[in-house]
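Here is the structure we will look at, set down as structure tokens.
Any read-out appearing in this document is the output of simple, stated calculations on the displayed coordinates, not a laboratory observation. The structure displayed is predicted, hence computed values, not measured ones. All Cβ positions, even for glycine, are placed from backbone atoms using ideal geometry, and neighbour counts span all protein chains on display.
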């Protein structure tokens, strides 16, 4: 072996091997040393995937736990235009599945971008069809979509959430910070096939879902309210209607309906006017319903007693160069009859004796001209002029519900104060906030705003208001077997052309409580611009009666009238 | 002795490799279970929505009136009566003991007075 001398070929082979190893060594050094930083970033990008995860938005339920709003995972379709060979062909295949015009899809797919949304928050079936198509350059991801399973139910209170899950109206907006789920970035490792392996940090937790809200609203009471209100609005060919049902002892809102309703699942084509919660945002002249509060003020201040006689001027009285009329030519009336028969002249005279200062003070005490503090967005303050702006007729006008603007929630809260022995409560709609694990985070408790009148005055006014329903203008609000206290209201609307009162456009209303001796429900019905026989007693009072009877029966509140059975059961 | 050391070394290498492979396997398993969990949660949510839609008062009323021929009780047709325990005579609600029976007024019931 020692004497063997390598041949020329062997040298060449050795040289080639050395060169080969040299190239490999050079490449190794280049990859591992010179380009190490850049390549490790690239590798990380390929192996790791950062995903943005958002916890599901919280659920909204009624007071018995019935779901009113919740999040559901639904498919959204996206495209990767840079990978498409024929955007036209892809758009044509997708159009019937996504229900989007193929021209629009093609326009999106021709963009010089690596990601475009084609259609978001689709029905699950659309997602399945899309997956079956298995098109190159088109993918499906799951996104949370807000869903209102009962459709056009309680829409003005619930509000709705936008495409990105943010609350835009109603409770969805007011309680956004509680409902919204936590947003977190999470790093996952991927294998060569792009499958997720597990989070880089195994202790990393999923994003926390939003909190759940329980409302004071009762689904059955809300349904009865919506149905009866809608029926009345249709029959009266009215522009709109509003109804609120409160528990006067606590201020808890059991139902709040605005007609016409809308479906919060489909709001894109609606004008904001349709989703405005008129129960809070729209002030109207209350007309005669305000006489109930004026009466409470006058009795509390000992200006009158129920049997104080008032001369009603046979239906016509001049005040500050204007004339106040009654709907009938009344002579002498007791103060109780003034309210029961809704005499404008009797009420105006009483208001004038009460005086501007005291009337203004009681209006404020009953909560007019200020927000009730209800936990819903957009509440208006209404209109109560400052004393310095009162004219010579103001005290008479305000005593009969003119020259003042109130919202339905203010009026029903004031009426509920009379039902609640003179104590004004703050109305509220959210009773509980719980974490997604069920832990109680916040519980709403009834809040007293202030005492407005004494219990004795409240009882006296209740007796007078019972007379409205038994012998006065509100007989159609009567509920068989129950004592009802309430007041009708029929107010002319302002004519924007003339600046005076319209002769043909009215707001009719009825507000009251039942059972009068131990009130469980305080309600208001407001019907805007009914046609035909447009009186509070004929249009709004029957709705009060129908809703009251059904709700009392549903709540198991027994009639005070004795009942006999024809045969033993 | 040398052979034992080599075997021990090989065992350690094997355990190390097996552990890494098993970690990846468990990782895939976790991911699969997560996907299953997500799918089940999705299904649960869809069922909750379905339940909520089907149990809406509006739908129940529609089915009751249109499909089952039922009607809403008219004013005065729902009467609450209560019985004193041990007595077959109904009494006024205000005076009654807390046993309560809800009866829909029909031909069996006399008029109220």
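A few notes on this one:
- Taking A:304, A:157 and counting other C-beta atoms within 10 Å, the order from fewest to most: A:304, A:157
- Taking each residue as 0.36 nm, the span from residue A:24 to residue A:388 lengthens on full extension beyond its C-alpha to C-alpha distance by 121.4 nm.
- Value of [θ]222 nm, deg cm²/dmol, for the protein assembly as shown, DSSP H segments ≥ 4, -39500 (n - 2.57) each, nearest 500: -11000 deg cm²/dmol
- Using alpha-carbon coordinates, inclination of helix A:8-29 to the longest axis of chain A, degrees: 20 degrees
- Sorted peptide list for A:104-116, A:357-369, criterion being average Cβ within 10 angstrom, highest first: A:357-369, A:104-116
- Averaged over the residues of peptide B:49-61, the number of Cβ atoms from other protein chains lying within 10 Å of each residue's Cβ is 5.
- Compactness index (Cα Rg / 2.2 N^0.38 Å), chain A: 1.44
- Rule-of-thumb Rg ratio for segment A:481-549 [Cα; 2.2 N^0.38 Å; N residues]: 1.28
- Fraction of antiparallel bridges per DSSP, the protein assembly as shown only, in percent to nearest 5: 95 percent
- Rg [Å, one decimal], Dmax [Å, integer] - segment B:2-59, C-alpha atoms: 24.8, 85
- Across all directions, the average projected area of the convex hull around the alpha carbons of segment A:283-380 is 7.1 nm².
- Potential lengthening between residue A:168 and residue A:7 on full extension [0.36 nm per residue; Cα-Cα distance subtracted]: 49.2 nm
- FRET E, pair residue A:356, residue A:439, Förster distance 45 Å, beta-carbon r, rounded to 0.05: 0.30
- Each of the peptides A:35-43, A:163-171, A:262-270, A:472-480 was scored by the mean count of other Cβ atoms within 10 Å over its residues; in descending order, highest first, they stand as A:472-480, A:163-171, A:262-270, A:35-43.
- Between segment A:408-453 and segment A:325-399, the alpha-carbon center distance in angstrom: 25 Å
- Angle between chain A longest axis and helix A:455-470 axis [Cα atoms, degrees, rounded to 10]: 80 degrees
- Relative contact order, whole percent, for chain A stands at 14, derived from Cα pairs under 8 Å and 6 or more residues apart.
- Against the main long axis of the alpha-carbon atoms of chain A, helix A:356-365 sits at an angle near 40°.
- Cβ crowding within 10 Å ranks A:230, A:456 as A:456, A:230, fewest other Cβ atoms first.
- Stretchable slack from residue A:497 to residue A:111, in nm (0.36 nm times residue separation minus alpha-carbon distance): 133.7 nm
- R0 of 51 Å, Cβ-Cβ distance residue A:93-residue B:54: FRET efficiency to nearest 0.05: 0.90
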